[in-house]
Amino acid sequence: MEDEQRKNFIIGGVILLLCFVLLILCCGRDNKSSGNSGKNNKFIDGKTVTKESKKNNYSNYRNSSSSSSSSSSSSSSSSSFSSSSSSSSSSSYYSSSTTNRKKSSSKSQMTDEQRKRILAFQEKARKDQQEWIKEHIKKLIEDPNTPAKVKIKAQLMENKNYVNGYKAHKNHDYKLAISNYLEVLKDKNISPETQYITVEYLLDCAQFTGDLDLFLKLIQIKGNLMATKDLSVLNVEKSDSYLKWTEEFTDYMKARSDPTYKDSLIDKLAKRTLRNRSDAERVLNDRIVMYENLYKDLLKL
């Protein structure tokens, strides 16, 4: 009996122990599952929050990004516009300067290539012009209806020595002008009018150079032309008064440096004016001084 009770007691204890163990196991599993579910809820909530925050952040980012991108695009577009405009202007400047360089280089190249042709053309044009002038002058001289003054000018323009002398005269090269003008006077076929005009220019050159001997020769030629030739075309009156004056002027200017010639002039003056020699010498000396001063006034030095 006691053994049976003991067995029942042991079996009951074992059953009770098993129930206790099962209870412990069940409680532990519930706790684990509740803990895990809390953890899962937390994880799910955290994940959801993270996703939401990510969504919010992403939308904010998109908004800010779009605004910043729009502003940056506007700024970049403006900067790209400015850079494009500056690059456009610089490229325009570059192309312009390049074009100018090309033009200048082509121009200089063209000038170098065509220089000889241009010079040849100019030389031909000059020769053609000279030929035309010669033919025109010849027609004027041969035409009986040509006015006298025009004919005189035509004759002067036809004379090469006169033209060269006139150019040198205008350029104040008086020595060259004198040599060319004297060549004109050597021609025996020139007209009295051409002679007279040439002598007038020669006298001007002689006054500039102070050549007294040339001056005396020229006034002698001029006096003879006025006394013997018809120069009415030049409004020059035919008279021997200038010739007499030139002879007197030449005598007094020569007497300054030639004592023998001076004595002969004193004797002539004394006989012609019925003066004694001393009075004639005094009058001659006064006249020499007067003509010296006149000649100084005529000089253009």
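Divide the volume of the convex hull around the Cα atoms of region 164-243 by the residue count and you get 90 Å³ per residue.
At an R0 of 25 angstrom, the distance between the Cβ atoms of residue 123 and residue 173 translates into a FRET efficiency of 0.50.
For region 163-301, the solvent-accessible area works out to 59 Å² per residue, with a probe of 1.4 Å and every protein chain left in place. One decimal place: the segment residue 182-residue 244 gains 20.0 nm when fully extended, by the rule 0.36 nm per residue minus the C-alpha distance. The calculated FRET efficiency for the pair residue 294 and residue 143, based on their C-beta separation and a Förster distance of 35 Å, comes to about 0.20.
Shape class of region 103-219 from the Cα gyration tensor (axes a ≥ b ≥ c, square roots of the eigenvalues): oblate, since a/c reaches 1.5 or more and a/b does not exceed b/c. In this rough spin-label picture, where each label sits 7 Å from Cα along the Cβ direction, the residue 189-residue 233 distance is 1.7 nm.
The simple spin-label model puts a point 7 Å past each Cα toward its Cβ; for residue 279 and residue 204 those points are separated by 4.6 nm.
The values are calculated or read from the model by the stated rules, or taken from the named source; none is laboratory data. Computed from a predicted structure; not experimentally measured. Cβ coordinates were reconstructed from backbone atoms using ideal geometry, including for glycine residues, and neighbour counts include every protein chain displayed. For the accessible areas, the whole protein counts, side chains as well, though only heavy atoms, and no ligand, DNA or RNA atoms are used. Shrake-Rupley method; radii C 1.70, N 1.55, O 1.52, S 1.80 Å.
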